[in-house]
Amino acid sequence: MTTSLMWFRRDLRLHDHPALAAAATDGPVLPVFVLDPALLATAGPVRTHCLFEALGALHGATDGALVLRTGRPSEVLPALAREVGADSVHVSAETTPYGRRRDERVEQALGEVELVRTGSPYAVTPGRVRNGSGDAYQVFSPFYRAWQQHGWRDPADLPRDLAWARADSEELPEDPLDRLAERPELPVVTEAAARKRYAHFFDALLSGYSTDRDRPDLDGTSQLSVQLKYGTVHPRTLLAGLTGRGLTEEAAAGVERFRTELSWREFYADVVWNQPSSAWSDLKPALASMVYDEPGADFEAWQAGRTGYPMVDAGMRQLLAIGWVHNRVRMLTASFLVKDLHLHWSHGARHFLHHLRDGDVASNNHGWQWVAGTGTDASPYFRVFNPVTQGQKFDPAGDYVRRWVPELRHLPGKKVQEPWTAEGGYDHGYPERVVDHAEERLEALRRYEAARR
């Protein structure tokens, strides 16, 4: 029997964990997480807190055996393998451009110690769904059909007789939220919490999911994105839970919609796997000659949630406060940056990635490209979200805006979406509009036509 290292990354759980099962076949397992400065530097306090919380839970689940080490993985892991006499390091296969480069460096540095990749953070590992010609899909709908046809394995069993090895460990750094005067209300990010939230979603929210998921004023979404981000639950576990139950017509529609949303996450990961450069560059070159402005005061107003458009500002303030934004509002705030302020989508994508607790390069950046018109299944560039009508439609009573924009809580109903039309709309310090949406929509279309020519 030999000791194996189980290097946890985006898979901070014990159940349905193929890489952990593979590690356990060799003997005792030393669980390890490397605090990589390169990744921590890009994460804001909310995402760092969520990571530390998940690691704390994993420490308990491993009976205190989880080893924390800080540094470059290519230096930390070979040293730790020598320290405990391990001849293999087990991981869930990484799919992001940075993760793939990092793992190649680790593999070279390990020398005779084998880096064993088993499973991935996805139901279907990126790169495996192909069309009839053997090429990657460029459009979601055919990918979704092929993804379902390809299928996925059943959840993996927890290894029997799992024995933990031990080694010296660092302590977790200080939680960055401990330095705040007012701590934001955040979900618990642990394996147990993920299962509890999924049960609540299935039992209480699934029947209304296909319609309520577009309403930021309601608790209508699964709220599992941060759990998927850190792998406290595997998407295969969620997919397995969607089958084998008698469902109402409404619940069946919710199941199909939720399965589609999980597939969008897998699709974007597949796109980045096949075209790594699309993580930060336009996937499609049709708008390569588009003229963009440089970030300035209006960009800072957008970041702070002070554009003068209530629905946009509510979303940006929610992002700063709790590190999460409803997907409908993500699209609206992205459209405002790209098509009202005329900035390249990458400026907004970086801001979101820094603050989002569920920040994922593939999903975030290709979601931004969808809005900008440069990615897969891109929204036509001539579709410009109207921040007023979007608010009136998806926050009809104005409750979402009033929650996140206290300067407008005195305005009733839909009046909150247009304070410039309400008497006393600016009495409590809400800012004037930084741009005129109607004018900037025409300017966006003008630039689009010029780029097309």
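The values are calculated or read from the model by the stated rules, or taken from the named source; none is laboratory data. None of these values were measured; they are calculated from a predicted model. Here the Cβ is made from the backbone with ideal geometry for all residues, glycine too, and neighbour counts use every protein chain on show. Each accessible area value is taken on the protein alone, full model and side chains, heavy atoms only, with ligands, DNA and RNA left out. Shrake-Rupley method; radii C 1.70, N 1.55, O 1.52, S 1.80 Å.
A few comments on the model shown:
- Close amide H contacts of V116 (hydrogens built in the peptide plane, cut-off under 5 Å, sequence separation of 5 or more or a different chain): V89, H90, V91.
- Shown in residue order for region 197-202 are the 3J(HN,Hα) couplings computed by the Karplus curve 6.51 cos²θ - 1.76 cosθ + 1.60 at θ = phi - 60°: 5, 5, 4, 5, 4, 5 Hz (x for Gly and Pro).
- Relative contact order for region 59-167, counting Cα pairs under 8 Å that sit 6 or more residues apart, in percent: 27
- Anisotropy class of region 141-255 from Cα gyration tensor, a/c 1.5 cut: oblate
- Among V29, G71, A61 - extreme Cα towards positive end, dipole of region 1-83, charges at beta-carbon: G71
- Couplings for region 104-120, taken from phi via the Karplus curve 6.51 cos²θ - 1.76 cosθ + 1.60 with θ = phi - 60°, read 5, 5, 5, 4, 5, 6, 5, x, 7, 7, 7, 9, 9, 9, 9, x, 7 Hz in order; Gly and Pro are left as x.
- Calculated FRET efficiency for the pair D26/R383, C-beta based, R₀ 45 Å, to 0.05: 0.25
- Comparing L205, M290, G367 along the charge dipole axis of the chain, the residue lying farthest to the positive side is M290, per the Cβ-charge model.
- With the cut-off at under 13 Å, measuring from each backbone N in region 148-172 to a point 7 Å along the Cα-to-Cβ line of A79 picks out 168-170.
- What you get for region 105-235, charging only the Cβ of Lys and Arg (+1) and of Asp and Glu (-1), is a dipole of about 700 debye around the Cα centre.
- Under the convention that each Lys and Arg Cβ holds +1 and each Asp and Glu Cβ holds -1, the size of the dipole of the chain around its Cα centre is about 920 debye.
- The residues of the chain present an accessible area of 43 Å² per residue when probed at 1.4 Å with all protein chains retained.
- Spatial separation of Cα centroids for region 375-402 and region 1-24, in angstrom: 43
- Normalising the average separation of contacting C-alpha pairs (under 8 angstrom, six or more residues apart) by the number of residues puts the relative contact order of region 284-398 at 26 percent.
- Modelled label positions at D436 and D63, each set 7 Å beyond Cα in the direction of Cβ, lie 7.2 nm from each other.
- Per-residue accessible area (protein heavy atoms, 1.4 Å probe) orders W7, W152 as W152, W7, starting from the largest.
- Karplus (6.51, -1.76, 1.60) ³J(HN,Hα), θ = phi - 60°, over region 425-436, in Hz, Gly and Pro reported as x: x, 10, 5, 10, x, 6, x, 5, 5, 6, 9, 9
- In this simple spin-label approximation, A286 and V188 carry label points 7 Å from Cα along the Cα→Cβ vector, and these lie 4.7 nm apart.
- Between the residues Q303, Y122, Y98, the greatest Cα displacement towards the positive end of the dipole of the chain, with unit charges on the Cβ of Lys, Arg, Asp and Glu, is found for Y122.
- The peptide list 20-30, 333-343, 249-259, 130-140, put in order of mean Cβ contacts within 10 Å with the highest first, becomes 333-343, 20-30, 249-259, 130-140.
- Carbon + sulfur, % of accessible area of region 319-439 - ligands and nucleic acids excluded, 1.4 Å: 51
- Take the Cα of E114, step 7 Å toward its Cβ, do the same at E443, and the gap between the two points is 6.0 nm.
- Carbon plus sulfur fraction of accessible area for region 6-108, probe 1.4 Å, in percent: 53
- If you take all other residues with their beta carbon under 15 Å from the beta carbon of W152, and give Lys and Arg +1 and Asp and Glu -1, the sum is +2.
- Ranking by accessible area, most exposed first, for K229, K196 with a 1.4 Å probe: K196, K229
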